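Following: one structure in structure tokens, then a few remarks.
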Protein chains: 4
Amino acid sequence: MEMKKKLSGIFAPITTPFVNEDVSLEHLKANMLKYRNTGLAGFFALGSNGENKSLAEDEKLKVLEVVLHEKAERQLLMAGTGYESTRQTIAFSKKVAEMGADFVSVVTPSYFKKRLTDEAMTGYYIDIADAVSVPVLAYNAPGFTGMTLSAKVVEKISQHPNIVGMKDTSAGNMSSYLDVCSDDFDILAGTISTLFTAMSLGASGGVVSLANAFPNPCCELYEKFNSGDLVGARQLHFRLFRLNRSVSGSFGVAGVKYAMEVGGYYGGDPRLPLLPLSDDNKKDICNAVAKAGL
Amino acid sequence: MEMKKKLSGIFAPITTPFVNEDVSLEHLKANMLKYRNTGLAGFFALGSNGENKSLAEDEKLKVLEVVLHEKAERQLLMAGTGYESTRQTIAFSKKVAEMGADFVSVVTPSYFKKRLTDEAMTGYYIDIADAVSVPVLAYNAPGFTGMTLSAKVVEKISQHPNIVGMKDTSAGNMSSYLDVCSDDFDILAGTISTLFTAMSLGASGGVVSLANAFPNPCCELYEKFNSGDLVGARQLHFRLFRLNRSVSGSFGVAGVKYAMEVGGYYGGDPRLPLLPLSDDNKKDICNAVAKAGL
Amino acid sequence: MEMKKKLSGIFAPITTPFVNEDVSLEHLKANMLKYRNTGLAGFFALGSNGENKSLAEDEKLKVLEVVLHEKAERQLLMAGTGYESTRQTIAFSKKVAEMGADFVSVVTPSYFKKRLTDEAMTGYYIDIADAVSVPVLAYNAPGFTGMTLSAKVVEKISQHPNIVGMKDTSAGNMSSYLDVCSDDFDILAGTISTLFTAMSLGASGGVVSLANAFPNPCCELYEKFNSGDLVGARQLHFRLFRLNRSVSGSFGVAGVKYAMEVGGYYGGDPRLPLLPLSDDNKKDICNAVAKAGL
Amino acid sequence: MEMKKKLSGIFAPITTPFVNEDVSLEHLKANMLKYRNTGLAGFFALGSNGENKSLAEDEKLKVLEVVLHEKAERQLLMAGTGYESTRQTIAFSKKVAEMGADFVSVVTPSYFKKRLTDEAMTGYYIDIADAVSVPVLAYNAPGFTGMTLSAKVVEKISQHPNIVGMKDTSAGNMSSYLDVCSDDFDILAGTISTLFTAMSLGASGGVVSLANAFPNPCCELYEKFNSGDLVGARQLHFRLFRLNRSVSGSFGVAGVKYAMEVGGYYGGDPRLPLLPLSDDNKKDICNAVAKAGL
């Protein structure tokens, strides 16, 4: 059996730009043209910061087209394809695979959380991985879904040849997951706030929203750690941790989008019902960026 | 200003029948032909028990067509139209209103729960009610969404002329909501387990999954209470409470669907990743029905 | 076997008065002399509002002495005796029984909540009931303890001849408990906010903090319900519900103590680390009392 | 101003041995005579694993006497002195300080958690630190208390000259706390499962229950990390993480006590209502120890 492809580095879970609530492919393209010259290993499109759940399917497909077209060839694309039913997720994952996405990243379903037992969740990921031609990543996002993948599910799905890794944004489960997963299963930290400790434990990299606004410092943290500069990595960790708390931690997607503007990208507002930031909120972010010295 | 239409009685949050994962409109029609001769005041289609979040939009529209066509004229239709973004919800609600649904029932968005402040939630419901021609019901379902509507939001939206009521499946908030809502805002208990106490407090009726399988006993509880037979209502409450705990309480949608088979309707399995019941689970439900003496 | 003594009516979970952090037996006595002429069926001393966990054991004994001495003979005394270990709880319960308390009310232990299985909790209450000469009440207080008694535990312990009832302050479990408990097990609502619905379901009365400040209106709600005046009871329910939300609901023990001052009793401050109310907080309570028209 | 004393190394949160529910000072002494020849930097007596909340105060004092008498002189003693009220905690802390404890370790109060605001918690620790002659450690134990210290509280209390550090058993807050605390404030990981990542971030050591049974491997992890052997430390981390999950993670204090027996110490049963382990539970622990190769 073939070994799974090795994932590593920093991925940006790119946002979906809106102008007056319409998806703006022009702004998306402009952002991508800047990202292609960064150290980013790739992109997670249509994730939480991409407001996946707030988009219609035709909008999702257009977003992917632009990203696929504009990213550098060396950069990989993970496309968020999770729906609540196995059937919907497979159908959309197949479309996305045909378009050329390198991975599908499948967030846990969550609506029926009381009945989504370990058996149901394991079956879900295996059914998808059996049906889809590109490799599958699990996406564990309890802050959004209210569902946490158990270590047992991770252990089982990690052994499937077409389930190659996961993005984990939960707090404090990294050791559990790394302890039980197969050797060729790559776990990526889901936020810059845990990247440093995740890498200490053996994680392969991160898919971190701060990289949407400040890709290079995030890549620098990854590099510093990998080059053995623990002290430097730790210092940078705390600088980025503090900044991230004032951006995504305080304001979610709207915060990430405004930080992108500070960082030289198009941000714009999130789609309603998410509210735009107030001027005071924006000032807080500006101050946090200034303090971080980026 | 016109008074809001008065909602009352028992509504069935009908399930969506599947055969081999495909929506079966035939089975849905057959169920409806039985329901039209019951005491049900109407239906909530495409709710949680309708597996709304597991359906594609074209499937949803076909379900609504059948229900609209087969229900008795006196019976009302609430259609579940909630998506995660205001834009999607409005777009789908408009389609549904044109088809002839009496109400749209809009579950709270939940993915970005950390940023769905009272202000965001109030704005969400008001934007929808302003844009849609049929009256809007809120749907508070923390067991599924992890989001609970605050009393402040209920207070504000209840004053909008086109937001006429809500289905509440939360535990222990009924007094808070009834305390603050406007006088012409109808609150419906979201489960048979709370119908009796909700009516004691002033709720207008219920949208209760047990009515999918056993509509008449659920209507009987409503009637007994309304006719002033408190002792009889309480006794029936405990019988149905106990049964409901063994059906929806233990097994969710899959349990409701199997209870429907026991009650003489088509149930079938839920869509994956929800798993079908085991034979033992089914026996538990049969026993509970037998004990309830229905 | 003898039938259990029937509990009914409204009990005040009396506060422990402090002057400069010292227990003030004088103020306690003065409060009791007023309470003895109310319709209160009795008292729960050393409960949550009695700041049980903030008192040394010798202070607890002195409080009980005063209450036993000053209450009317017809009024019953429940004494809070729960500690974290079976051994401590039994030892203190025995002392209290010898002093003449009518019941011991034993809050669930909670520190080791992860290991307090149904088996452990059942054993706990049975060990105590076997060892103590006065009847035992369970006290379910998840808002303080983070522990909720399961219906299975309630079912089992309710069958013990010396476990005669429980105070329940949880949200939405009353039907579950009443459904499974033995016929001679009395369940008391733990707050005025749920007294009305609890009585609709068959609860025997209430132990409600609002009765510390306004005993007669609380007794009136109980009487109205019992005399069959549902409409009057419901109206009074909403008046007291709203008031309670502004007192205990907003400020806990400190709020209850200040409401006592408004109601003509000695309140004072809670023991540190609980903070005294601000002037604004106090104004809020005054306004809420005025609105309630008491 | 004097610098705070520097805490570092591995501390054992020693258990309290019982024989038939009575504290056994003999067994405690025997354990201590073994511990004094290990690499342990000291002890946390009367913590969660010491079943603090299940002991009477005279029992607590006797435990401390033995520990103070039998530990090696180089080993430090932290004594758990937290009660629910400031008054009780100060009174007991003073006794303990007079006996010769090096630190008092004060768990957060939790019974009135809804009213224990940041202001209340900051006041609590500062009042204690002002009143007690020995340095104070905070103890953050949400798994037991349901309370989590906010970063704001940690920031403020860390600046008090007599509050010198904290034991943190929460999941995922280490970066937040280290980010804001003063430079001379020592944070200790509260479980072996997080020691490795905590030290990566700058924690000073750990107070870890696995050290009750296997002190030397725990100390070895600390040493490996400090000597710069990251790869070795990570490998040992995963071995101990896995073992710990099968001991404290699965069975709490009862598991720790049985692991102590496997490790050559006296364990015994916890005090009721905590139940003793079954034979199967014990076998699980034996197997986990064997697999860990200790």
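The values are calculated or read from the model by the stated rules, or taken from the named source; none is laboratory data. Source: prediction; values computed, not measured. Neighbour counts run over all protein chains shown; Cβ positions are idealised from the backbone, glycine included. Calculation scope for accessible area: heavy atoms of the full protein, side chains included, ligands and nucleic acids excluded. Shrake-Rupley method; radii C 1.70, N 1.55, O 1.52, S 1.80 Å.
Extent of the stretch C:178-223 along its three principal axes (Cα atoms, max minus min coordinate, largest first): 33, 16, 15 Å.
Which GluC sites (Glu not before Pro) does the stretch A:1-100 hold that lie in a coil by DSSP with at most 15 other beta carbons within 10 Å? Working shown, then result.
Details: sites: A:Glu2, A:Glu21, A:Glu26, A:Glu51, A:Glu57, A:Glu59, A:Glu65, A:Glu70, A:Glu73, A:Glu84, A:Glu98; in loops: A:Glu2, A:Glu21, A:Glu51, A:Glu73, A:Glu84.
Answer by residue number: A:Glu2, A:Glu21, A:Glu73.
Copy-to-copy label distances for B:Leu33, where each label lies 7 Å from Cα along Cα-to-Cβ, are 6.3, 8.1, 8.8 nm in order of increasing length.
For the stretch B:73-149, trypsin sites (Lys or Arg not before Pro) meeting the loop criterion (DSSP other than H, G, I, E, B) and having at most 13 other Cβ atoms within 10 Å: B:Arg74. Helical runs assigned H by DSSP (4 residues or longer) give the protein assembly as shown a calculated mean residue ellipticity at 222 nm of -14500 deg cm²/dmol, each run adding -39500 (n - 2.57) before division by the residue total. Note that the stretch A:157-294, at 10 °C in a medium of 1.306 mPa s, gets a Stokes-Einstein diffusion coefficient of 100 µm²/s from its Kirkwood radius over C-alpha pairs. With label points set 7 Å from Cα along Cα→Cβ, the inter-copy distances at C:Asp118 are 2.0, 3.9, 4.2 nm, sorted shortest first. Using alpha carbon centroids, what distance separates the stretch C:142-188 and the stretch C:1-40, in Å? Using only Cα atoms to place each centre, the spacing works out to 23 Å. Structure shown: which of C:Lys4/C:Lys152; A:Lys224/B:Lys113; A:Lys224/D:Lys224; C:Lys113/D:Lys53 lie over 24 Å apart, alpha-carbon to alpha-carbon? Beyond 24 Å between Cα atoms: A:Lys224/B:Lys113. Of all the options C:Asp186, C:Asp279, C:Asp22, the one that moves most in a Gaussian network model of chain C with Cα springs shorter than 10 angstrom is C:Asp279. In terms of Cα atoms, the Rg and Dmax of the stretch C:13-154 work out to 15.2, 45 Å. Within the listed set C:Gly263, C:Gly172, C:Gly205, the residue fluctuating most in the Gaussian network model of chain C (springs between alpha-carbon atoms under 10 angstrom) is C:Gly172. Using a Gaussian network model of chain B in which every pair of alpha carbons under 10 angstrom is joined by a spring, one finds that among B:Pro13, B:Pro109, B:Pro273 the greatest mean-square fluctuation is at B:Pro273.
For the protein assembly as shown, DSSP calls about 5 percent of its internal beta bridges antiparallel. Evaluated at q = 0.17, 0.24, 0.28, 0.31 Å⁻¹, a Debye calculation over the C-alpha positions of the stretch C:1-48 (equal weights, vacuum) places log10 I(q)/I(0) at -0.60, -0.93, -1.10, -1.19.
Taking the Cα centre of the stretch A:9-227 as the origin, how large is its charge dipole in debye, to the nearest 20, when only Lys and Arg (+1) and Asp and Glu (-1) carry charge on their Cβ atoms? Can you show the working numbers first?
Numbers: 18 positive and 25 negative charges, 44 e Å.
My answer is approximately 220 debye.
For chain B, the extents of the C-alpha atoms along the principal axes are 48, 45, 39 Å, listed from largest to smallest.
With all protein chains present, calculate the accessible area of C:Met174 using a 1.4 Å probe and round the result to the nearest 10 Å². Counting only protein heavy atoms, the figure is 20 Å².
With label points set 7 Å from Cα along Cα→Cβ, the inter-copy distances at B:Gly100 are 4.8, 7.7, 9.1 nm, sorted shortest first. So, taking all protein chains as they sit and a 1.4 Å probe, how much accessible area belongs to B:Arg239, in Å² rounded to tens? Using a 1.4 Å probe on the heavy atoms, I get roughly 100 Å². Among the protein heavy atoms, those of B:Leu230 account for about 40 Å² of accessible surface (1.4 Å probe, every chain in place). Phi angles across the stretch C:263-276 convert, under the Karplus curve 6.51 cos²θ - 1.76 cosθ + 1.60 with θ = phi - 60°, into 3J(HN,Hα) values of x, x, 10, 7, x, x, 8, x, 6, 4, x, 4, 8, x Hz, Gly and Pro given as x.
Could you tell me what percent of the DSSP beta bridges with both partners in the stretch B:9-227 are antiparallel, to the nearest 5? All intermediate terms of the calculation are to be shown ahead of the outcome.
Details: 2 of 29 bridges.
The antiparallel fraction comes to roughly 5 percent.
With all pairs of separate Cα atoms included, the protein assembly as shown yields a Kirkwood hydrodynamic radius of 31.9 Å.
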